[in-house]
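Peer 1: After the structure tokens below, expect a handful of questions from me.
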Amino acid sequence: MAATLPPPRLLPSGDSAVTVEFSRTIDDAANQRVLALDKALAAHPIDGITETVPTYRSLLVHYDPGKVGFDALGEKILPIATRPLPPATKARRWRIPVAYGGEHGIDLEEVAKALNTTPDDIVARHASGDYRVAMIGFTPGWSYLSGLDKSLHMSRRQSPRLFTPAGTISIGGIQAGIQCLAAPSGWHLLGRTPVRTYQLHRNPTFLTEPGDRVTFFAIDHKTFEEQDRAAEAGEIIAEQVDA
């Protein structure tokens, strides 16, 4: 029988939520445990749990304190959280188009300069990556991606922007991201995608999910405009391919 895994920390988050923390740093192994626990609680609900929110390194579990208390809930969660990870399942894989540079990626040249290379090389490195959706957060559809090439790791901007456009493809620290809605950001903007990872009246409303795999490919700005109009009308645009 496979050995159990080290227990996570259980941290109270107000009077009606517990944070199940698997790591204090961004870590793919911890994220796999987060998603495994999230799926296990969805498959076999514990009475009193009202919602779960997976992040990079922890699972936030909301509960009804009238039905279950912090200590009792922790005793039920810990045995599940320390189980060996289940066998890996086939993940969905998305190919997402990106218009790099120019008005769509205003930081591309600055990033290239900071990393002592060319914009074309930055595009090639970014587009050759194999990414994994670690979590969705900040705004609807904002997909945080692990798997950024180490050569593209760089600190976030010292002065965050109050506005960055919908569809922004960016990097920050050791992460890459797909920003669905216009929002503030301190990340470096490499390009934009016409893909809507969130669209309220579309089925499905959310396109990407934690655990999905993502790759990018470059398109020209004319193609971006054409696909952006199609996406606005409800087309998926992203290509789902065999993993």
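Peer 1: Can you tell me which residue in region 185-208 is surrounded by the most Cβ atoms within 10 Å (Cβ to Cβ), limited to those that are of a type in the set (A, V, I, L, M, F, W, C) and not in a loop (DSSP other than H, G, I, E, B)?
Peer 2: L190
Peer 1: Which condition from (1) buried (at least 16 other Cβ atoms within 10 Å of the Cβ); (2) more than 19 Å from the chain's Cα centre (by Cα); (3) within 30 Å of V241 (Cα to Cα); (4) not assigned by the TED database to the domain that holds L152 is the one that A42 breaks?
Peer 2: (1)
Peer 1: Let me ask something else about it. Among residues belonging to region 228-243 that are assigned to a loop (DSSP other than H, G, I, E, B) and of a type outside the set (D, E), point out the one that is farthest from G191 (Cα to Cα).
Peer 2: A243
Peer 1: If you don't mind, another one. Among the residues of region 54-77, write down those that are open to solvent by 50 Å² or more (accessible area, probe 1.4 Å) and modelled with pLDDT under 95.
Peer 2: Residue satisfying the conditions is R57 alone.
Peer 1: Residues in region 108-131 that are without any contact (Cβ under 8 Å) to a residue 12 or more places away in the chain and more than 18 Å from R156 (Cβ to Cβ): how many?
Peer 2: Narrowing region 108-131 to residues without any contact (Cβ under 8 Å) to a residue 12 or more places away in the chain: 109, 112-113, 116-118, 120-121, 124.
Going one step further and asking which of them are more than 18 Å from R156 (Cβ to Cβ), we end up with 116-118, 120-121, 124.
Looking only at that region, the number is 6.
Peer 1: Could you check A88 against (1) hydrophobic (A, V, I, L, M, F, W, C); (2) surrounded by 15 or more Cβ atoms within 10 Å (Cβ to Cβ); (3) within 22 Å of Q32 (Cβ to Cβ) and say which number it fails?
Peer 2: Against the list (1) hydrophobic (A, V, I, L, M, F, W, C); (2) surrounded by 15 or more Cβ atoms within 10 Å (Cβ to Cβ); (3) within 22 Å of Q32 (Cβ to Cβ), A88 comes up short only on (2).
Peer 1: Working only within region 150-180, note down all residues that are within 14 Å of the chain's Cα centre (by Cα) and either outside the structural domain of Q227 (by the TED database) or open to solvent by 50 Å² or more (accessible area, probe 1.4 Å) (or both).
Peer 2: Of everything in region 150-180, just one residue is within 14 Å of the chain's Cα centre (by Cα) and either outside the structural domain of Q227 (by the TED database) or open to solvent by 50 Å² or more (accessible area, probe 1.4 Å) (or both), namely I174.
The values are calculated or read from the model by the stated rules, or taken from the named source; none is laboratory data. Since the structure is predicted, the reported quantities are computational estimates derived from the model, not experimental observations. Reconstructed Cβ throughout: ideal geometry from the backbone, glycine too, with neighbour counts over all protein chains shown. Surface areas here come from the heavy atoms of the whole protein model, side chains and all, with no ligands, DNA or RNA. Shrake-Rupley method; radii C 1.70, N 1.55, O 1.52, S 1.80 Å.
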